[in-house]
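What follows draws every value from the coordinates through simple rules; no lab data is involved. Just so we're clear, the structure is a prediction, and the values are computed from it rather than from any experiment. All Cβ positions, glycine included, derive from the backbone under ideal geometry; neighbour counts span all protein chains shown.
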Amino acid sequence: MDKAYDVVALGELLIDMTNNGKSEQGNALYEANPGGAPCNVLAMLKKMGHRVGFIGKVGDDIFGHELKAVLEETGIDTTGLVTDKDTRTTLAFVKTFEDGDRDFSFYRNPGADMMLKKNEISEELLKSTRIFHFGTLSMTHEEVREATIYAVETAKQAGALISFDPNLREPLWRSLDDAREQVLKGLEYCDYLKISDNEIQWLTGEEDYTGGVRWIHERYDIPLITVSMGKDGSRAYYKKDGTADGFIMTEAAPFIQENTIETTGAGDTFGGCMLHFILEKGLEGLTEADLLEMLTFANGAASLITTRRGALRVMPEREEIEALIKER
């Protein structure tokens, strides 16, 4: 049965206040970039021609109104976006270091994204998508965690594939033990796990990424796991019976950019591209050639987003990514 949406995502929609130089007086200048990992993923998928929708909450304020307008401009369906009259839209101030890495300070105590309630979520939206995507920023507090688990279970029962990106942001958790508990909860549901190098080491206690994936596979039945390794590229681990570890591993080299500005949104861009290929190829019978194609395209897209400020509004076009791959 054809579904109305290819991907529906739930989670945070916020403003990334990104440093953009200094004023004549020497004060830091911040640019208000629309962001939030789930919507970054959806924006990349929209660039690839997919039908996408978002579930989340913003404040009834300047930033909330702007974010809704940006989603509509980008082509992300806002049927599931709720406006909160009592809570402000979440802000994330992003400090970028010389190597392009970042540090975050969140203004979210509370922020509108963490006030989403179970009874505010459209069951129809969840039943109308091929893939449901989520992360852990919507699992940091009890009420929004309940809403998230309800959404995941409803979508899965309706036949959707479940995509999960832990996207760990340590300052938002009471403790890393709490964070770990919720990441493990997310693994119970997911069919595709996108996880970063530092996250898999933290979660599993294994320094070696393959050892970390083996740890996950021993506990959870996840067909496809990708590990994003920043400047070292990425890996895909695909479940396959008859192999020594129960999976095959494929690795793709990175596309290093000389004019990198920041890495905000790179992982989300990567994840969006992976979901594009999952929509095209499914999760059954993937070959090493399929996995290499997926990783290479996703690496190329992620490298392009590092040359731009923000992510949601400036996702690369398919033609740009293909041209970059062809150059190499």
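Quick notes
- Per residue, the chain reaches -11000 deg cm²/dmol at 222 nm when only DSSP H runs of four or more residues are counted, each adding -39500 (n - 2.57).
- The calculated pair-distance distribution of the range 141-300 uses every alpha carbon pair, bins of 10 angstrom beginning at 0, and gives 10, 39, 37, 13, 1 percent.
- Cα-only Debye scattering, the range 210-286: base-10 log of I(q)/I(0) at q = 0.13, 0.26 Å⁻¹: -0.46, -1.34
- Pairs beyond 26 Å (Cα-Cα), from Lys117/Lys185; Lys3/Lys57; Lys22/Lys326; Lys95/Lys231; Lys46/Lys127; Lys47/Lys127: Lys22/Lys326
- The chain, relative contact order in percent, only Cα pairs under 8 angstrom and at least six apart counted: 17
- If R0 is 22 Å, the Cβ-Cβ spacing of Trp215 and Lys185 corresponds to a FRET efficiency of close to 0.85.
- GNM top mover of Gly80, Gly205, Gly26 - the chain, alpha-carbon springs below 10 Å: Gly26
- Take every pair of alpha-carbon atoms less than 8 Å apart whose residues are at least six positions apart; their mean separation over the length of the range 13-107 yields a relative contact order of 30 percent.
- For the residues Ala244, Ala69, Ala301, a GNM of the chain with alpha-carbon springs under 10 Å puts the largest fluctuation on Ala244.
- For the options Thr136, Thr226, Thr87, a Gaussian network treatment of the chain with springs between C-alpha atoms closer than 10 Å singles out Thr87 as fluctuating the most.
- For the range 11-327, alpha-carbon Rg over 2.2 N^0.38 Å: 0.95
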